[in-house]
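S.K.: I am attaching a structure below and will ask some questions about it afterwards.
The values are calculated or read from the model by the stated rules, or taken from the named source; none is laboratory data. As the structure is a computational prediction, the values presented were derived from the model and not from experiment. Cβ sites come from the backbone with ideal geometry, for glycine too, and all protein chains shown count toward neighbours. We work out accessible area using only protein heavy atoms, side chains counted, and drop any ligands, DNA or RNA first. Shrake-Rupley method; radii C 1.70, N 1.55, O 1.52, S 1.80 Å.
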Amino acid sequence: MANTRKQLLDLLKLPENSECADCGEPDPEWVSCTLGVFICLQCSGIHRSPSIGKVKSVQLDNWEDDTVQFLKEHGNKKAKEKYEAFVPPFYYRPRARDCMVLKEQWIKAKYEREEFTSDEESPYTTGHKEGNLWKKGRDRKQFLERRFVFSGREKVLKYYINNHADPKGTIPIQSLNATFQAEKIGHAHGLEITYIKDEQTRNLFVYHDEGQEIVTWFNVLRAARFTYLKGAFPAVPEEELIPRITRNYSKAGYMEKTGPRQREAFRKRWFNLDSEERKLLYYKKPLDAFPQGGIFLGSKEQGYRVLEGLPEGTKGNKRDAVIIIKTPDREFKLTCENTTDQKEWLKALTQVISRPTTAQDMDGNSTTSRLTLCEC
Ligand SMILES: [Zn+2]
């Protein structure tokens, strides 16, 4: 028995088993005995379904010789070769920090539906999808059922009220972003869709009660975005386009900001930092349809700076978690909720300005929104 446990722990030390097979979390402590993979606690909860298999804890359970032998013959590397053989490049592979619905559907797509074991046509690239989603009203809190139609030929996502012939909204794939925001939206399957409308950023908040359906929508939109990016930037390698298909905010949350003269009262605003697009947008409330304003973040070479603390010459200010963003045109002064939060914002903002601007930063949608960033 002691020898069996040692063999098990030795398997866990192999580099290929040092991360969760599904989300990459380091030091997995659970095992799917059905598939022979090492997984983290959270993913083990998803694996523990009758259609996927049995799970066991490395530490808490008893281990038989033949189960350890089975693990020896399988393991994370072999499982990846089989179940991830044909993952399309646009498909979102969730990481440990991602929301539950993405991990759950990734695991089900891999092992239950075996979507990636052969190169049959992907369900995400058929060029058309329609169905109902719950959408938050623009100016109110309620979610209402709306019919969404994606057309690959027209490169748009449209939504309709009931059976109206004319769409209520038309979202161009060119400027679309989608990111799961379960906590902010207040639904485990909450998806935030952002796009540029009349040169202004617009946010939509939707969900579907079925996890598979909302994740399918997400990957259909990602497939369309990937096609668009490849066409728009034919010289850019695929691996550089993939992070731009959709972007999660590298940081989001409340800060307070003052006006251009820096003598105005500080007001609490919700900020979203889209690092890939080099944009820091702020909203009166987290679920607002339109931002109040935003800051384009160029590079250090272009004269952008992110600084901690008070600017010179400001006296008698009691706030200590201050961030200064200097752009060639003006200076923004923001206060964070505490110094931990301040450090995270400083790190996230500094990362953006430390990265040189590229040709894609001058892409239509970034340029448009940069020119029209206003302050209301
Ligand atoms: Zn995991």
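S.K.: I want to check the label-to-label distance for SER250 and GLU344. Put each point 7 Å from Cα in the C-beta direction and report it in nm to one decimal.
M.R.: 1.5
S.K.: While we're on this one: So, counting K/R as plus one and D/E as minus one, what does the shell of residues with Cβ under 12 Å around THR350 add up to?
M.R.: +4
S.K.: A further question follows. Return, ordered by residue number, the residues of segment 15-38 whose backbone nitrogen is under 20 Å from a label point located 7 Å along Cα→Cβ of ALA96.
M.R.: 15-32, 37-38
S.K.: Can you compute the FRET efficiency between ASP61 and ARG113 using 1/(1 + (r/R0)^6), with r the Cβ-Cβ distance and R0 = 25 Å? Round to the nearest 0.05.
M.R.: Between ASP61 and ARG113 the formula returns 0.35.
S.K.: Turning to a different aspect of this structure: Rg and Dmax of segment 2-112 over Cα atoms: what are they, in angstrom?
M.R.: Rg, Dmax (Cα atoms, Å): 13.3, 45.
S.K.: Going through segment 77-186, which chymotrypsin sites (Phe, Trp or Tyr not before Pro) have at most 16 other Cβ atoms within 10 Å and a DSSP loop state?
M.R.: For chymotrypsin sites (Phe, Trp or Tyr not before Pro) across segment 77-186 that sit outside H, G, I, E and B with at most 16 neighbouring Cβ atoms in 10 Å, the list reads PHE86.
S.K.: Tabulate in residue order the Karplus-calculated ³J(HN,Hα) for segment 94-103, using 6.51 cos²θ - 1.76 cosθ + 1.60 with θ = phi - 60°, rounded to whole Hz; enter x for Gly and Pro.
M.R.: Going residue by residue, I get x, 10, 3, 7, 6, 6, 4, 5, 5, 5 Hz, with x marking Gly and Pro.
S.K.: Between LYS77 and ARG330, what FRET efficiency comes out of the Förster formula 1/(1 + (r/R0)^6) with R0 = 56 Å and r the beta carbon distance, rounded to 0.05?
M.R.: E between ARG330 and LYS77, to the nearest 0.05, is 0.60.
S.K.: Grab the other residues whose beta carbon is less than 12 angstrom from that of HIS74, score K and R as +1, D and E as -1, and report the net.
M.R.: Charge balance near HIS74 sits at +2.
S.K.: Distance in nm between label sites at ALA85 and VAL236, each 7 Å beyond Cα in the beta-carbon direction?
M.R.: It works out to 3.3 nm between the two label points.
S.K.: If the chain between ALA188 and LYS155 were fully stretched, how many nm would it gain, using 0.36 nm times the residue separation less the Cα-Cα distance?
M.R.: 9.1 nm
S.K.: Now for a different question. Towards the positive end of the charge dipole of the chain, with charges on Cβ (+1 Lys, Arg; -1 Asp, Glu), say which of CYS336, TRP134, PRO15 has the farthest Cα.
M.R.: CYS336
S.K.: What whole number of Å gives the distance from the Cα centroid of segment 191-226 to the Cα centroid of segment 97-118?
M.R.: 19
S.K.: What is the distance, in nm, between label points placed 7 Å from the Cα along the Cα-to-Cβ direction at ARG305 and at SER354?
M.R.: So the two model labels end up 1.8 nm from each other.
S.K.: Still on this structure: Report, to the nearest whole %, how much of the accessible area of segment 1-74 belongs to carbon and sulfur atoms, 1.4 Å probe, protein only.
M.R.: Using a 1.4 Å probe with all protein chains present, segment 1-74 comes out at 52 percent carbon and sulfur.
S.K.: A further question follows. What do you get for the angle between helix 211-232 and the principal long axis of the chain? Use alpha-carbon atoms, 0 to 90 degrees, nearest ten.
M.R.: Computed tilt is about 60 degrees.
S.K.: Which number do you get for Rg(Cα) / (2.2 N^0.38 Å) in the chain?
M.R.: Compactness ratio reported: 1.12.
S.K.: Considering only DSSP states other than H, G, I, E and B, which GluC sites (Glu not before Pro) in segment 179-269 qualify as loop sites with at most 16 other Cβ atoms within 10 Å?
M.R.: When the GluC sites (Glu not before Pro) of segment 179-269 are filtered for loop state and at most 16 Cβ neighbours within 10 Å, GLU199, GLU210, GLU264 remain.
S.K.: In debye, nearest 20: dipole of the chain around its Cα centre with unit charges on the Cβ of K, R (+) and D, E (-)?
M.R.: In debye, rounded to 20, the chain gives about 1640.
S.K.: How far, in degrees from 0 to 90, does helix 339-354 lean away from the longest principal axis of the Cα atoms of the chain, to the nearest 10?
M.R.: Helix 339-354 and the main axis of the chain meet at about 80 degrees.
S.K.: Here is a follow-up. Quick one: of LYS110/LYS347; LYS136/LYS279; LYS158/LYS300; LYS56/LYS77, which pairs are farther than 29 Å apart, Cα to Cα?
M.R.: LYS110/LYS347; LYS158/LYS300, as the Cα separations exceed 29 Å there.
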